[in-house]
Amino acid sequence: MSVRNAAMTDMAFIMDAYRLAFAVNEAWTRNYVRMTGIDCFRILEKDGVPAAVWAVVPCGHWFGGRAVPAANIAHIAIQPEFRGGGLAAEIMELSCGDARKGGACLASLFASTRPVYRRSGFNLAGHEMIYEAQTAEFYKIRQDILVRRILLAEAQAVLDPIYRRACRNEAGLLDRNDAHWNARLDETTYIPSAFVLGEDEGYVVIETPSEDVLEIRDWAALNGAAARQILKFIGTFSTVYRTVRWHGAPQDALVFAMPDKGWSLVHQEEFLMRVLDPVAALNARGYACAYGNLTLTIEGDEPQVLHLVVRDGKASCTPGRGEGPSLSIEAAQLPSLFSGFRSASFLHRAGSVHGDPEAVVLADRIFAGPPPWVAEHF
């Protein structure tokens, strides 16, 4: 069994594998590979025969105002004749090793079935949520609109700085690379339109896939005024599009800015994460906690004892025991604690975290933050 980087000469195999695994056509696969970049794809061969394909996409996840180096593991397709032999677990280990060589501290994915990924060290780390609202409600919003349209050819350069500023106040959002922006601005199926609100305080990218629904492909709001401007602007389409849909946060700025209920949650799913290098990951993320001194034991086949000191939003994490309270956590639950998806108190009640009350409360403070989410499905 061997793994190699994919090349354009592998397109026939990739299209066949994705057709059988995901029921997509050749045009979809060609476009997906184009947007992602062939250099991100990997081919696994058994006895010289291609057996599986997947993508490892470099990125980051934002926590506490800092982007932690990461990789998305996406669209794993195993050919039918090679299924059932444990290849998925092998692919997970190979992908995580690949990501770590590329400098990633974290690996993240969406799972069609979770047990195999949980056995590989992944666990729930944040939300994907899609909201729907009645556009007619937005006329009730009292907010002036200052909006300018952005050419699609210039959109990434204009929108990325706004997006990155918005990420500093969120948790989980992707530190995007070109593959993610290509998907947000793709013109293949529907042509999107990009608009900046206010004095670069927010933006919205919309598409019109049906006669009734307006889709927000991407958006960001740096403050409440920008969120209200986005809604008021969307409201100008209400005579044509009855509803609007968007990816949002558990504590969503657009929902908060709405004048009345008028909205519903139409989809909710969780992404999974694995902490590839606990020391590097803990040092890379940001923290809302002003100060903390904690000994953290990660229980597993090879237990790790780490000394975590947080000062002014940054951490110094080193192997070994230090001063301060001691806390132990099951390795399987580390991703959920790291991302803030589960608090130390919750995990303590569930029996996955052990320590005296002082240690649990301190861990709650250290890993406190907004609920983690992502603005796309990868």
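The values are calculated or read from the model by the stated rules, or taken from the named source; none is laboratory data. These numbers were taken from a predicted model, which means no experiment stands behind them. Note that each Cβ is placed from the backbone with ideal geometry, even for glycine, and that neighbours are counted across all protein chains shown. To get the accessible areas, we keep the full protein, side chains included, count just its heavy atoms, and leave off ligands, DNA and RNA. Shrake-Rupley method; radii C 1.70, N 1.55, O 1.52, S 1.80 Å.
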Residues that are free of Cβ contacts under 8 Å to residues at least 60 places away in the same chain, farther than 20 Å from PHE110 by Cα, surrounded by 15 or more Cβ atoms within 10 Å (Cβ to Cβ) and not aliphatic (A, V, I, L, M): does region 234-257 have at least one? no
Which of the residues that make up region 89-107 are part of a helix (DSSP H, G or I) and either of a type in the set (Asp, Glu) or in contact with a strand residue (DSSP E or B) (Cβ under 7 Å, 6 or more places away or on another chain) (or both)? GLU90, ILE91, GLU93, LEU94, SER95, CYS96, ASP98, ALA99
Taking ALA315, is it in a strand (DSSP E or B), among the small types (Gly, Ala, Ser) and open to solvent by less than 70 Å² (accessible area, probe 1.4 Å)? yes
Given the conditions (1) modelled with pLDDT under 95; (2) more than 24 Å from HIS377 (Cβ to Cβ); (3) open to solvent by less than 50 Å² (accessible area, probe 1.4 Å), which single one is not true for ALA7? (1)
Region 318-355, residues that are touching a helix residue (DSSP H, G or I) at 6+ places or on another chain (Cβ under 8 Å), polar (S, T, N, Q), crowded, with 16+ Cβ neighbours inside 10 Å and more than 14 Å from GLY292 (Cβ to Cβ): GLN333, SER336, SER343, SER352
If you scan region 12-30, which residues turn out to be open to solvent by less than 10 Å² (accessible area, probe 1.4 Å) and either at pLDDT below 95 or in a loop (DSSP other than H, G, I, E, B) (or both)? none
Specify which of the listed residues (GLU211, GLU299, GLU201, GLU215) is open to solvent by 40 Å² or more (accessible area, probe 1.4 Å) and within 17 Å of VAL147 (Cβ to Cβ). GLU201
Residue check for ILE230: more than 27 Å from TYR139 (Cβ to Cβ) and over 19 Å from the mean Cα position of the chain (by Cα): no
Checking ARG119 against (1) under 30 Å from PHE367 (Cβ atoms); (2) surrounded by 19 or more Cβ atoms within 10 Å (Cβ to Cβ); (3) in contact with a helix residue (DSSP H, G or I) (Cβ under 7 Å, 6 or more places away or on another chain); (4) not small (Gly, Ala, Ser), which test does it fail? (2)
List pairs: first residue in region 365-378 and closer than 23 Å to ALA111 by Cβ and open to solvent by 50 Å² or more (accessible area, probe 1.4 Å), second residue at pLDDT 95 or above and in a loop (DSSP other than H, G, I, E, B) anywhere in the structure, Cβ distance under 8 angstrom, at least six positions apart or on different chains. HIS377/PHE110
Looking at ALA249 and the list (1) within 18 Å of CYS167 (Cα to Cα); (2) over 22 Å from the mean Cα position of the chain (by Cα), which single condition is not satisfied? (2)
Hey, any hits in region 67-74 for a residue that's at pLDDT below 95 and either within 24 Å of the chain's Cα centre (by Cα) or open to solvent by 10 Å² or more (accessible area, probe 1.4 Å) (or both)? no
Answer residue from region 246-263, given it is of a type outside the set (A, V, I, L, M, F, W, C) and at pLDDT 95 or above and is farthest from ILE130 (Cα to Cα) among those: GLN251
Considering residues of region 269-296 that are in contact (Cβ under 8 Å) with a residue 40 or more places away in the chain and in a loop (DSSP other than H, G, I, E, B) only, the residue surrounded by the fewest Cβ atoms within 10 Å (Cβ to Cβ): ASP277
Residues being under 15 Å from ILE216 (Cβ atoms), modelled with pLDDT under 95 and surrounded by fewer than 19 Cβ atoms within 10 Å (Cβ to Cβ) - total across region 138-162: 0
